[in-house]
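Everything on this sheet refers to the single structure shown next.
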Amino acid sequence: MSLKIGVCIKSVPNPEHYDRIEIDPETKTIVRKNMPCVINSADKHAIELAMQLKEATGAEVSIFTMAPPQGKEQLVSALAYGADAAYLLSDRKVGGADTLATSYSLCTMIKKVGQFDLIIAGNESEDGATAHVPSQLGEWMGMTHMADVIHAELISEDTINVSKEFENGYGNYNIKLPCVLAVKKNINEVRYPTVMNMLVANKKPLTVFSAEDLPELDENFIGLEGSPTKAGELITPEYSRDSKSIEGSSEEIAEAILELVMKG
Amino acid sequence: MKDNREIWIFAEFKDGRITKGFEELLCKSRNLFERGATVVSAVVLGNSTEDQIAQVKEYGVDKIYAVEHTKLIDYNCDYYKVAMEHLIRKHNPDIMLFGATVIGAELAPSVAARLRTGLAAHCVDITAEEEEVSFWVPAFGGNVIGEILIPDHTPQMASVKPGILGVSEYVKSECIEIFKEEVPELDHTESAVELIGFTPKDNSGVSLEDAKIVVCAGRGVTSEETWKKLNEFATEIHASVGYTRSLIDRGFVEDETNMIGTSGKSITPDVYIGIGISGATHHVCGMNKSKTIISINKDSKAKLFGISDYKVVAQSEDILTALLEKIQ
């Protein structure tokens with residue numbers, strides 16, 4: 001029987017716009033118009049790892065996300081890399097979720113779809129950047145999980161060899177499947193989708209679930225209400241300083257810099 | 001006003017030494033509430049914890065909770081989370097803090113999920129007004145700081161980026177109670193994770209977080225020659241070298257070890273010299289607390305100039321050459 005791999009992706013506002021981000025003074029929320037959504041970049045590396053494992057073992061790859069209905073676009077993009085099927089959970093009831101509620105909702109959808117041997121996600125999203133969801137998904141699924149993964153290779157039917165990057169070195173582990181892995185961007189180079197795969201992406205099965213389709217969802221753990229963390233104020237930090245220009249010849253500038261360095 | 005509130009800090013050790021972020025968390029915890037008594041405690045996990053307890057004691061916490069177990073000899077999330085969950089369920093701290101390190105950033109969300117409580121990630125600050133605690137977290141590459149509240153769940157959990165809070169004065173407690181805790185669940189917990197080996201990184205020289213002077217390279221460092229000169233210059237002035245992601249993209253460095261910014265390290269040196277750095281916010285977030293900021297860039301519109309104390313509009317390589325000539 002072939003390995004079943006699930007990949008969780010997140011649809012995020014394009015990071016190219018983050019330096020010009022605005023907060024609506026009335027609603028105190030981020031102004032999202034003019035910010036098109038893309039697949040979170042670390043998640044593309046999760047898809048790439050799944051594709052490599054598919055090529056090596058004939059694994060079946062399913063993509064999961066929870067998003068507004070437009071999230072379908074990112075799922076189709078994900079299918080264009082060569083994945084087999086995609087699933088979207090989209091419902092106001094699950095909206096406004098923090099990482100605990102998001103991971104719970106994802107878990108419920110994944111369990112509904114079937115049993116998976118391996119679940120892969122990007123280590124962190126570019127917008128919220130908490131890096132919580134993969135670990136918390138592992139907890140809800142009852143699977144062991146590992147973050148900061150920079151290498152992963154199946155060494156037997158039920159064991160994956162994984163390297164994890166720490167501040168002071170690299171740990172190497174054998175992990176028994178099933179498990180959840182959160183991968184960093186340096187784990188692999190993401191391929192370009194082939195023309196063939198792009199053409200068939202739209203024809204691959206894409207299932208959209210509402211909350212009603214998942215009666216297993218416990219209302220206590222979903223959406224804004226089910227989120228233990230609540231969002232308060234939003235501020236745009238101010239970092240500017242009065243800057244003095246150092247001018248002159250390269251030698252004069254070098255001298256001035258060294259003087260500042262000496263002063264500390 | 002609550003009078004017996006308790007804040008816990010996960011004490012993390014690297015190569016046998018307590019990590020730098022511990023004192024920052026302790027200092028923040030001690031000074032968080034203006035009024036009422038706050039008990040600040042440390043959690044120590046390991047195979048044998050005597051030496052770790054001794055290190056924590058020097059910082060002056062009120063209580064230490066220690067779990068000794070052979071399964072805790074090396075970090076393994078499957079065992080560490082069980083020990084943490086047990087301690088928290090037994091003693092009910094009000095606030096539980098972790099450093100947002102590789103270990104903390106994995107352990108904290110696991111424990112929070114098991115306790116079904118809220119966790120604020122990679123905080124840049126924690127503040128309190130009366131009893132209401134606000135956790136301030138960066139989002140959208142640091143362009144926005146959001147306030148996270150955890151009103152109805154305990155413990156309120158947070159991970160804090162090391163190097164960001166800094167250490168100011170705090171009262172060291174002399175009254176230390178040490179609780180050696182048994183966690184029977186550990187005996188019958190099995191992990192699917194088997195450690196095969198650990199390869200240390202080559203961390204020669206002063207670590208970036210401890211450096212008094214940091215020279216940082218950005219997109220404007222385009223040639224191997226300039227990169228080499230920048231490193232020579234740093235060595236000459238006893239500075240550590242940091243960089244932005246573009247240096248990884250160019251292949252000048254291998255990994256993110258000394259990358260500065262929201263997804264890398266936070267630094268607070270006396271002098272920061274940015275060379276060829278545009279100043280995208282995700283980088284600025286990791287260095288804006290430097291005491292003196294000097295930036296060199298040929299692009300007079302570079303954003304980093306606006307947050308610098310001193311700016312030099314020039315070719316980086318020319319200035320580096322002149323600097324090396326002056327020193328050597």
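The values are calculated or read from the model by the stated rules, or taken from the named source; none is laboratory data. Since this is a predicted model, take the numbers as computed values, not measurements. Cβ placement follows ideal geometry from the backbone for every residue including glycine, while neighbour counts extend to all protein chains displayed.
Structure notes:
- Scanning segment B:100-156 for residues that are at pLDDT 95 or above, assigned to a helix (DSSP H, G or I) and not small (Gly, Ala, Ser) yields B:GLU106, B:LEU107, B:PRO109, B:VAL111, B:ARG114, B:LEU115.
- Residue count for segment B:282-328 satisfying the condition of being assigned to a helix (DSSP H, G or I), within 7 Å of chain A (Cβ to nearest Cβ), without any contact (Cβ under 8 Å) to a residue 24 or more places away in the chain and not hydrophobic (A, V, I, L, M, F, W, C): 2.
- Boolean, B:ASP202 is free of Cβ contacts under 8 Å to residues at least 12 places away in the same chain, within 26 Å of B:TYR65 (Cβ to Cβ) and not in a helix (DSSP H, G or I): no
- Residue check: A:GLU55 meets all listed conditions (1) surrounded by fewer than 19 Cβ atoms within 10 Å (Cβ to Cβ); (2) in contact with a Ser or Thr (Cβ under 8 Å, 6 or more places away or on another chain); (3) of a type in the set (Asp, Glu) but one, namely (2).
- Conditions (1) of a type in the set (Val, Ile, Thr); (2) within 11 Å of another protein chain (Cβ to nearest Cβ); (3) without any contact (Cβ under 8 Å) to a residue 24 or more places away in the chain; number of the one not met by A:VAL195: (2)
- Any hit, segment A:167-183, residues being among the charged types (D, E, K, R) and within 13 Å of chain B (Cβ to nearest Cβ): yes
- In segment B:232-254, residue nearest to B:GLY286 (Cα to Cα) [restricted to those that are buried (at least 16 other Cβ atoms within 10 Å of the Cβ) and without any contact (Cβ under 8 Å) to a residue 12 or more places away in the chain]: B:ILE248
- Candidate set from segment B:259-281 (those that are among the hydrophobic types (A, V, I, L, M, F, W, C) and more than 24 Å from A:GLU259 (Cα to Cα)); member that is farthest from the chain's Cα centre (by Cα): B:ALA280
- Across segment A:120-139, the number of residues qualifying as within 7 Å of chain B (Cβ to nearest Cβ), in contact with a strand residue (DSSP E or B) (Cβ under 8 Å, 6 or more places away or on another chain) and polar (S, T, N, Q) comes to 2.
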